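For reference, the structure discussed in these notes is given below.
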Amino acid sequence: MTVKIKICGLFREQDIDYVNEARPDYAGFVFAESKRKVSGEFAARLRRRLSDDIVPVGVFVNAPIADIAALYHENVIAIAQLHGTEDDDYITRLKAASAAGGRKPVEVIKTIRSAELEQNVPPAAQADYYLIDSGAGSGKPFNWELLNSFKFEKPWFLAGGLGLDNIERAMALNPRALDISSGAETDGIKNREKIVQLVSMVHGIQGKDTTTD
């Protein structure tokens, strides 16, 4: 399986220019409370600047379903990444709302925290993908040994503390994608050289896979 890469937390126009140059598979806009938070209006502006071959992902925490569906219908996002207490009922209602007008339901990435792996908490069955992380934006890797004893029934993303120093080791775990935010930054701001190098490492080691499903 080819490992993909997502650069998350884009909040400046030059961030979009950096990813357009580097060509990651996914780009993330944060709509939850964060130093990287963007408004729907500004995210739409960034989305228009983003290359069409990069999949836009919206990051949310217990957001109103109507807000996510609106961003999807306006083509600001193609995937919803959920970091709160959203359960299968929430995801089912989100997919129904996003399918209004005969559209394909929005794809959903649901976060599983490493503590939930340790406690064997059942993941949301209605999600399309999982994202495994130590916590909400901790910026630190968890004990990856946990992944060896857990069989995921859906493709999964790996996040938390990923950067140039450990990206090859992370790829060896065979996630669907690596989700990188602070590891692509210097002093809290996206760094062009780091983004280009990270994407080049992931795509260069294995060859780029341009599929998005």
Scan the stretch 49-82 for residues that are touching a residue at least 40 places away in the same chain (Cβ under 8 Å), in a loop (DSSP other than H, G, I, E, B) and either of a type in the set (Lys, Arg) or out of contact with any Asp or Glu (no Cβ under 8 Å at 6 or more places or on another chain) (or both) and report the count.
3
Name the pairs: first residue in the stretch 142-154 and at negative phi and surrounded by 10 or more Cβ atoms within 10 Å (Cβ to Cβ), second residue part of a loop (DSSP other than H, G, I, E, B) and hydroxyl-bearing (Ser, Thr, Tyr), Cβ to Cβ under 9 Å, at least 6 apart or on different chains?
Phe142/Ser134; Asn143/Ser134
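Assess whether Val121 counts as being out of contact with any Gly (no Cβ under 9 Å at 6 or more places or on another chain), surrounded by 18 or more Cβ atoms within 10 Å (Cβ to Cβ), under 30 Å from Asn148 (Cα atoms) and without any contact (Cβ under 8 Å) to a residue 40 or more places away in the chain.
In short, no.
One line per residue, one yes/no per condition, for (1) of a type in the set (Phe, Trp, Tyr); (2) under 15 Å from the mean Cα position of the chain (by Cα); (3) more than 16 Å from Lys6 (Cβ to Cβ):
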residue: Gln126; (1), (2), (3): no, no, yes
residue: Lys140; (1), (2), (3): no, no, yes
residue: Ser149; (1), (2), (3): no, no, yes
residue: Pro155; (1), (2), (3): no, yes, no
residue: Gly161; (1), (2), (3): no, yes, no
residue: Glu168; (1), (2), (3): no, no, yes
residue: Gly183; (1), (2), (3): no, yes, no
residue: Asp187; (1), (2), (3): no, no, yes
residue: Val196; (1), (2), (3): no, no, no
Among Arg23, Arg48, which is the only one that is charged (D, E, K, R) and within 18 Å of Ile195 (Cβ to Cβ)?
Arg23
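Being touching a residue at least 24 places away in the same chain (Cβ under 8 Å), touching a helix residue (DSSP H, G or I) at 6+ places or on another chain (Cβ under 8 Å), crowded, with 23+ Cβ neighbours inside 10 Å and not in a strand (DSSP E or B) is the requirement here; does Leu46 meet it?
no
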Could you please find all residues in the stretch 1-43 being in a strand (DSSP E or B) and under 17 Å from Thr186 (Cα atoms)?
Ile7
Residue hits (the stretch 84-113; surrounded by 17 or more Cβ atoms within 10 Å (Cβ to Cβ) and modelled with pLDDT under 95) are Thr111, Ile112, Arg113
I'm told Glu33 meets every condition in (1) out of contact with any Leu (no Cβ under 8 Å at 6 or more places or on another chain); (2) crowded, with 21+ Cβ neighbours inside 10 Å except one. Can you identify the failing condition by its number?
(2)
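The values are calculated or read from the model by the stated rules, or taken from the named source; none is laboratory data. This one's a predicted model, so the numbers in the text were calculated from it and none came from an experiment. Positions of Cβ are generated from backbone atoms using ideal geometry, with glycine treated the same way; all protein chains shown enter the neighbour counts.
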